[in-house]
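Below: one structure, written as C-alpha cells.
The values are calculated or read from the model by the stated rules, or taken from the named source; none is laboratory data. If you're wondering where the values come from, they're calculated on a predicted model, not measured in any experiment. Methodologically, a virtual Cβ is constructed for each residue, glycine included, from the backbone with ideal geometry; neighbour enumeration extends over all protein chains shown.
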Ligand code: ARG
C-alpha cells in the first residue's frame with residue numbers, strides 16, 4: 001500500500017498545472033509528526049495561480065476528498081495529510097508479512113551493473129582503503145539487486161605493471177621459497193623495499209627490473225611462473241579476509257587479464273584519431289576537457305594503468321552489456337576516472353556516461369592518515385580479530401549462558417567494523433576507534449543487531465506463534481512511529497541506490513532500532529489481550545526489516561546475542 005501514491009492521485013485531480021511526477025517530487029515527509037505524514041508545499045503554484053501560497057493551500061484542501069485520511073488540513077503554505085493511523089498501520093504490517101522481499105522493487109529490469117570493487121594490489125597488504133572498497137562495493141551490489149538489477153562483482157586485482165619486474169629481480173637476487181611460503185605478503189614487501197634501497201646505490205637494478213617486466217610481458221616461462229606464484233600466494237591471503245567478511249566475487253579478472261587486449265585498445269585510439277606522440281610516448285590530450293594528458297604507452301612500449309582500464313571498460317561492456325558500471329575506488333583517483341570517461345567518450349562510446357566513480361573518503365586513526373610508507377598501517381586481519389575479541393568480552397558480560405558464543409562474537413565483531421564503515425557517508429573521512437565501533441549502545445552495528453535479537457527473543461518468549469494476518473489492528477498510538485518507519489523502507493532502498501550510498505540504509509536501520517527500543521521500553525508487548533497478535537506482527541515486521549537492512553549492508557543478524 002503506497003500512501004504517497006494515493007496522495008499524488010488526490011492532488012493530481014485538483015492541480016491541473018502540474019503533472020503527477022512533478023507533484024510526486026514536491027511532496028515532503030514532515031520531520032514533525034504534528035504536521036502530518038505528507039505535506040505538499042503550495043508555493044509551487046504561486047506563480048501559476050497569482051495567489052498567496054496560504055490561500056492556495058486552503059483552496060486545495062476544500063477541493064479534496066478526505067476519505068481514507070484522518071484529516072487533510074492547510075497549515076500556512078502547506079497542505080498536510082494525516083493518515084488514518086489504525087487503518088494505515090494495519091496495511092503496512094500486512095504488506096511486510098505477505099512479502100518476504102518487502103522493500104525491494106524491479107526498477108532495474110534485470111539490467112547488469114558491473115561493480116569494480118576491492119581490487120587490492122598483489123604482493124602488498126590489503127589496506128583500510130581496500131576494505132572500504134570491498135564493503136561499500138558489496139553493499140551496493142546487494143542494494144542494486146534489491147532495486148531489480150543484476151550485479152556483477154569484479155575484483156580488478158592490481159596484478160600487472162613494472163613493479164612485478166622489480167619483484168622478480170629482487171627474488172632472483174635474495175629470495176627464498178620457504179620464506180615467501182611462510183609469510184607471503186610481508187616477505188614480498190620486504191624484498192621490494194630492499195630492491196628500492198639498493199637501486200638508489202646501484203642503478204643497474206632498475207634496468208634489471210625493467211628487463212624482467214619485459215620478459216614477463218613477452219610470456220617468458222620463468223618470469224611467468226614466478227609471477228603466477230606471487231599472485232597465488234597473495235590471493236590466498238586476500239581470500240582469508242574475504243572469507244571472514246563473507247564476501248565473494250563474480251570475477252577476479254585483474255589488470256593482467258587485459259594484457260592480450262591492449263593492442264586493440266591502441267588501434268581503437270588510433271582509429272578515433274586521438275592518439276598523439278609526445279617525447280616518444282603515446283598519449284591522449286584531454287586539455288579541452290580541462291584534464292591532464294593521459295599516457296597510454298610508455299617510451300619503452302609498456303602499457304599503463306589507464307591502458308588496462310580502457311581495455312577493462314570495453315571488455316565489460318561487451319561481456320556484460322552493463323546499464324551501469326561502478327568503480328568503488330578512493331577519492332584520490334578522481335582524475336583517473338574522469339580521464340577514463342573522457343577518453344571513452346572521445347572514442348565514440350556513449351555508454352561512457354553510464355560509468356560512475358563511486359569515490360570514498362579516508363580512514364584516519366587518531367586523526368592521522370594511514371600509509372605504508374609512514375609505517376602507519378593497520379593490518380586488516382588484526383582489526384577484525386580485535387573486534388571479534390571485543391565483541392566476545394561484551395557477550396560474556398551480557399549473556400554468559402549464550403550457546404554459540406564464538407559464532408555470535410564473530411558475527412557481531414565483524415559486523416561492527418563493516419557497519420561503522422558504511423554508516424558514514426562514503427565521501428566523508430572518518431576516524432577509526434575500535435572501542436567505539438564495537439559498543440552495544442549508540443550509533444553502532446551491534447546496537448542494531450541487539451534490537452533485532454531483542455525482537456527475536458520477544459517472539460520466542462511468546463512461543464513463536466503463527467501470526468494471524470486478518471487481525472493486525474493496533475489502537476495504541478505509540479506504535480505509529482514504528483509502523484511509519486517500516487513503511488519508509490521501500491523508498492529508503494530506492495534512495496540508497498540513487499545516491500550509491502549505503503549509509504542511507506545504515507542510518508535507517510539505526511533509526512528503526514532506536515524507535516523500536518523506545519516502544520519496547522514503554523509498552524507491555526506480551527500482554528495477553530485482543531491486540532497481542534497484532535503486536536507480535538509488529539515485532540515480526542521490525543525484525544524482518546532490520547534483518548534485511550543489515551543484509552543489504554553485508555552484516556549478519558544473530559537471533560540471540
Ligand atoms: N589496484 C588499485 C589500487 O589499489 C585499485 C584499482 C581500482 N579499479 C580500477 N579499475 N582502476 O589503487
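In the stretch 162-206, counting only helices (runs of 4 or more DSSP H) that sit wholly within it, the ones holding 3 or more residues that are touching a helix residue (DSSP H, G or I) at 6+ places or on another chain (Cβ under 6 Å) span 162-174, 184-201. Within the stretch 89-142, the set of residues being out of contact with any strand residue (DSSP E or B) (no Cβ under 9 Å at 6 or more places or on another chain) and in a helix (DSSP H, G or I) comprises 90, 91, 92, 93, 94, 95, 96, 97, 135, 139.
Within the group 89, 76, 68, which residue is more than 21 Å from residue 361 (Cβ to Cβ), touching a helix residue (DSSP H, G or I) at 6+ places or on another chain (Cβ under 9 Å) and free of Cβ contacts under 8 Å to residues at least 40 places away in the same chain? 76 is the lone residue from the list that is more than 21 Å from residue 361 (Cβ to Cβ), touching a helix residue (DSSP H, G or I) at 6+ places or on another chain (Cβ under 9 Å) and free of Cβ contacts under 8 Å to residues at least 40 places away in the same chain.
Looking only at residues in the stretch 323-352 that are within 9 Å of the ligand (Cβ to nearest atom) and touching a strand residue (DSSP E or B) at 6+ places or on another chain (Cβ under 9 Å), the one that is nearest to residue 271 (Cα to Cα) is 340. When the residues of the stretch 250-265 are filtered to those that are within 13 Å of the ligand (Cβ to nearest atom) and not in a helix (DSSP H, G or I), the one that is nearest to residue 307 (Cα to Cα) is 254.
Is it fair to say residue 304 is in contact with a strand residue (DSSP E or B) (Cβ under 8 Å, 6 or more places away or on another chain) and modelled with pLDDT under 95? Yes.
Each residue in the stretch 1-21 was checked for being assigned to a loop (DSSP other than H, G, I, E, B) and either modelled with pLDDT under 90 or surrounded by 15 or more Cβ atoms within 10 Å (Cβ to Cβ) (or both), and 4 of them qualify. Within this structure, residue 72 fails the test of being more than 16 Å from the ligand (Cβ to nearest atom), farther than 27 Å from residue 502 by Cβ and outside any strand (DSSP E or B). The residues of the stretch 307-322 that are more than 13 Å from the ligand (Cβ to nearest atom) and either at pLDDT below 95 or buried (at least 17 other Cβ atoms within 10 Å of the Cβ) (or both), listed by number, are 317, 320, 322. In the set (1) away from the ligand (no atom under 16 Å from the Cβ); (2) buried (at least 20 other Cβ atoms within 10 Å of the Cβ), the condition left unmet by residue 108 is number (2). Give the residues of the stretch 441-467 that are more than 23 Å from the chain's Cα centre (by Cα) and either in a helix (DSSP H, G or I) or surrounded by 18 or more Cβ atoms within 10 Å (Cβ to Cβ) (or both), sorted by residue number. Listed by number, the residues that qualify are 453, 454, 455, 456, 457, 458, 459, 460, 461, 467.
Per-residue answers, yes or no, for (1) outside any helix (DSSP H, G or I); (2) in contact (Cβ under 8 Å) with a residue 60 or more places away in the chain; (3) touching a strand residue (DSSP E or B) at 6+ places or on another chain (Cβ under 9 Å); (4) surrounded by fewer than 20 Cβ atoms within 10 Å (Cβ to Cβ):
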position	(1), (2), (3), (4)
493	no, yes, no, no
511	no, no, no, yes
515	no, no, no, yes
536	no, yes, no, no
550	no, yes, no, no
555	yes, yes, no, no
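Given the structure, is residue 157 within 16 Å of the ligand (Cβ to nearest atom) and out of contact with any helix residue (DSSP H, G or I) (no Cβ under 6 Å at 6 or more places or on another chain)? Yes; evaluated as a whole, the condition is true for this residue.
Conditions tested, residue by residue: (1) more than 14 Å from the ligand (Cβ to nearest atom); (2) farther than 17 Å from residue 229 by Cβ; (3) not assigned by TED's automatic domain parsing to the domain that holds residue 503.
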position	(1), (2), (3)
122	no, no, yes
150	yes, yes, yes
168	yes, no, yes
184	yes, no, yes
188	yes, no, yes
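Residues in the stretch 276-306 that are closer than 17 Å to residue 163 by Cα and within 14 Å of the ligand (Cβ to nearest atom): 303, 304, 305, 306. Within the stretch 425-440, the set of residues being surrounded by 18 or more Cβ atoms within 10 Å (Cβ to Cβ) and under 14 Å from residue 504 (Cβ atoms) comprises 426 only.
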